[in-house]
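Student: Starting off with a structure, shown below.
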Amino acid sequence: MKSKKSLATLVGLVLLFSVITCAFAACGKNAELVDVQLLYYADKDTYIVGETFDATGLDITAVYSDGSRKKITDYKIDKTGALTLEDTFVTITYGDYVFEHPITVCIPGDVIVLQFAQGVDGITLYADGGVYVARVATATPKTRTDGATWSWDGNELEILIELGTSACQPKNYVMKDGKQKMILERDAQNNLTANYVYIRWTISAVCPYRVWSVALEGKTFPIAQN
């Protein structure tokens, strides 16, 4: 009886070892790549001439035969240099898989960076350093106010109005380089207010902190127009 039990135990151990060995062999086998998917485009899709493609937010994922998925980071893009007006998409390649990421490239003069607003009134700051001050209800819209410029050096936002500009007179200003430098008021929440007189209307236009801080973060304006 003891010999039969010992034999049965031995057979059981052999079978168990075989199962474990097979399981480890299966686990060690590499799953095959069956698909690559572009799940999310990059966060930024609009660029100014001269900027480079920003892949932040781009999600390209590999799908394997065992059902597992893995985010891919070693893909290739065809446009790594300065973007031009002719660029309408970026080609992304991973092995035999190719994707087209649509983008829009604009000249600085077409890109609005910030707006101070009060209803339909306000000040618009363009990426080429141009400014449009308006009281929309009483003026024919145009894209620039003559003699008005703005800049951001990473620390201070400046709006300069040329002396004698009929469309706009800063209510509070100091002189700089022969122009009126608008004094921007900052409240406890860091919101900025620009007070100005448009012809005979006094306007207080506001740009919230959550807007201007994001738009200017890590940048220096104006961007030179090519």
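The values are calculated or read from the model by the stated rules, or taken from the named source; none is laboratory data. Because the structure is predicted, anything quoted here is derived from the model rather than measured. Cβ sites come from the backbone with ideal geometry, for glycine too, and all protein chains shown count toward neighbours. All accessible areas refer to the heavy atoms of the entire protein, side chains included, with ligands and DNA or RNA removed. Shrake-Rupley method; radii C 1.70, N 1.55, O 1.52, S 1.80 Å.
Student: Calculated FRET efficiency, V211 and A188, Cβ-Cβ r, R0 22 Å, to nearest 0.05? Don't skip to the answer; put the middle values down first.
Tutor: Working: r = 17 Å, r/R0 = 0.76.
Computed FRET efficiency for V211 and A188: 0.85.
Student: Among K76/K219; K44/K71; K79/K176; K70/K219, which pairs are too far apart, with a Cα-Cα distance over 30 Å? Please report the intermediate quantities before stating the final value.
Tutor: Values: K76/K219 27 Å; K44/K71 19 Å; K79/K176 41 Å; K70/K219 34 Å.
Flagged as over cut-off: K79/K176; K70/K219.
Student: While we're on this one: Only Lys, Arg, Asp and Glu count, each charged at its Cβ (+1, +1, -1, -1), so figure out the dipole size of segment 151-223 about its Cα centre, rounded to 20 debye.
Tutor: Values: 8 positive and 8 negative charges, 43 e Å.
Charge dipole of segment 151-223: 200 debye, to the nearest 20.
Student: Related question: Residues of segment 101-214: accessible area per residue at 1.4 Å, in Å²?
Tutor: Accessible area per residue, segment 101-214: 50 Å².
Student: State the percentage of accessible surface on segment 38-146 attributable to carbon and sulfur atoms; use a 1.4 Å probe and exclude ligands, DNA and RNA. Mind showing how you got there, number by number?
Tutor: Working: 2940 of 5860 Å².
Carbon with sulfur: 50 percent of the solvent-accessible area.
Student: Stick to the Cα atoms of segment 67-226, pair each with every other, and give me the Kirkwood hydrodynamic radius in Å at one decimal.
Tutor: Kirkwood radius, segment 67-226: 18.1 Å.
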